[in-house]
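Written out below as C-alpha cells is the structure these notes cover.
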Amino acid sequence: MSQDESKPHKVTICRFTADPNLFCSAPFCNKLDALMTFSGVEGVQYEGVSVLKAPRRLLPYAKIDDVIVPDSELVYDTLKEKGILKCLDAKASLNPQEVALTYAIKALVEKSLVEYMVYERWVENHTLTLNTFMSEVPGFMRGLMGYFFIWRPYEQRFWAT
C-alpha cells in the first residue's frame, strides 16, 4: 500500500456558499455537488469564496490535499485518478453504448442548455436576478451596473449568435 492510499485525502469544494444544503445558482457547482453525492464521497468540506479569488475566475474549484484544481470536470477526473471516488459509469456497470449516451447527454447539457439557462436568468428575468445577486448594491446603482456589466454584454452575445 502506497503512502498516498494510507492517509485520508482532504477535499474542499470552493463555491459561492459554504453551506452544502443551500442551493447554489451556478450550474457547474450543482454538477460537482451531484457528482460528489452520487459517488458517495464522504468528509468533503465546503468553502464559500469569491469569484475574484478563483483560478480562471470561475467556480467551482477544489482543494485536493492542498492542491488547487479548477473546473468541475477536472476536479472529478482528479478525484477518480487519486481513487477518492469511483467513476459513475463504472459504478453503474454501463456498457459502451450507454457510456456513449451519457457523454452525449452531458455534452448537450453543458454546451447548449447552460447557454439557455444563462439567457433565461440574465436576459429574460433580468430584474429578478439582478435584485437577487446584487442585493448589497444600492438601488440607484443596481440598474446601471446590471445594464452595463451584465444585461448588455449578454444581450449582445446572444443576438450575435
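The values are calculated or read from the model by the stated rules, or taken from the named source; none is laboratory data. Note that the structure is a prediction, hence the values are computed from the model and not measured. Virtual Cβ from ideal backbone geometry, glycine too; neighbours counted across all protein chains shown.
Does Asn30 fit the bill of being without any contact (Cβ under 8 Å) to a residue 24 or more places away in the chain and closer than 24 Å to Tyr116 by Cβ? Spelling it out, Asn30 is indeed without any contact (Cβ under 8 Å) to a residue 24 or more places away in the chain and closer than 24 Å to Tyr116 by Cβ. Sub-9 Å Cβ pairs linking a first residue in the range 33-59 that is over 18 Å from His9 (Cα atoms) and in contact (Cβ under 8 Å) with a residue 40 or more places away in the chain to a second residue that is surrounded by 12 or more Cβ atoms within 10 Å (Cβ to Cβ) and of a type in the set (Phe, Trp, Tyr), at least 6 apart or interchain, are Ala54/Tyr61; Leu59/Phe16; Leu59/Phe28, ordered by first then second residue.
To keep it simple, each residue is scored yes or no on (1) closer than 18 Å to Cys29 by Cα; (2) touching a Cys at 6+ places or on another chain (Cβ under 8 Å); (3) assigned to a helix (DSSP H, G or I); (4) modelled with pLDDT under 80.
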{"site": "Lys86", "(1), (2), (3), (4)": "no, no, no, no"}
{"site": "Ala90", "(1), (2), (3), (4)": "no, no, yes, no"}
{"site": "Tyr103", "(1), (2), (3), (4)": "no, no, yes, no"}
{"site": "Met117", "(1), (2), (3), (4)": "yes, no, yes, no"}
{"site": "Tyr147", "(1), (2), (3), (4)": "no, no, yes, yes"}
{"site": "Pro153", "(1), (2), (3), (4)": "no, no, yes, yes"}
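What are the residues in the range 36-64 that are more than 25 Å from Ser93 (Cα to Cα), surrounded by 12 or more Cβ atoms within 10 Å (Cβ to Cβ) and out of contact with any Ser or Thr (no Cβ under 8 Å at 6 or more places or on another chain), if any? Listed by number, the residues that qualify are Val49, Ala54, Pro55, Leu58, Leu59, Tyr61. For the criterion of being at pLDDT below 85 and surrounded by fewer than 12 Cβ atoms within 10 Å (Cβ to Cβ), Val67 fails. Being of a type outside the set (Ser, Thr, Tyr), under 18 Å from Phe16 (Cα atoms) and in a helix (DSSP H, G or I) is the filter here, so list the residues in the range 119-138 that pass it. Hits for the range 119-138 are Arg121, Trp122, Leu130, Asn131, Phe133. Filtering the range 82-103 to residues that are free of Cβ contacts under 8 Å to residues at least 12 places away in the same chain and surrounded by 10 or more Cβ atoms within 10 Å (Cβ to Cβ) leaves Cys87, Ala90, Ala92, Leu94, Glu98, Val99, Ala100, Leu101, Tyr103. Taken over the range 19-53, the residue count meeting the criterion of being farther than 21 Å from Asn125 by Cβ, out of contact with any strand residue (DSSP E or B) (no Cβ under 7 Å at 6 or more places or on another chain) and among the aromatic types (Phe, Trp, Tyr) is 1.
Of all the numbered requirements in (1) modelled with pLDDT under 90; (2) touching a Phe, Trp or Tyr at 6+ places or on another chain (Cβ under 7 Å), His9 misses one, and that requirement is (2). Looking at the structure I just gave you, is Val114 within 28 Å of Val69 (Cβ to Cβ), under 19 Å from the mean Cα position of the chain (by Cα) and either hydrophobic (A, V, I, L, M, F, W, C) or loosely packed, with under 13 Cβ neighbours inside 10 Å (or both)? Here the answer is yes, as Val114 does meet what is asked.
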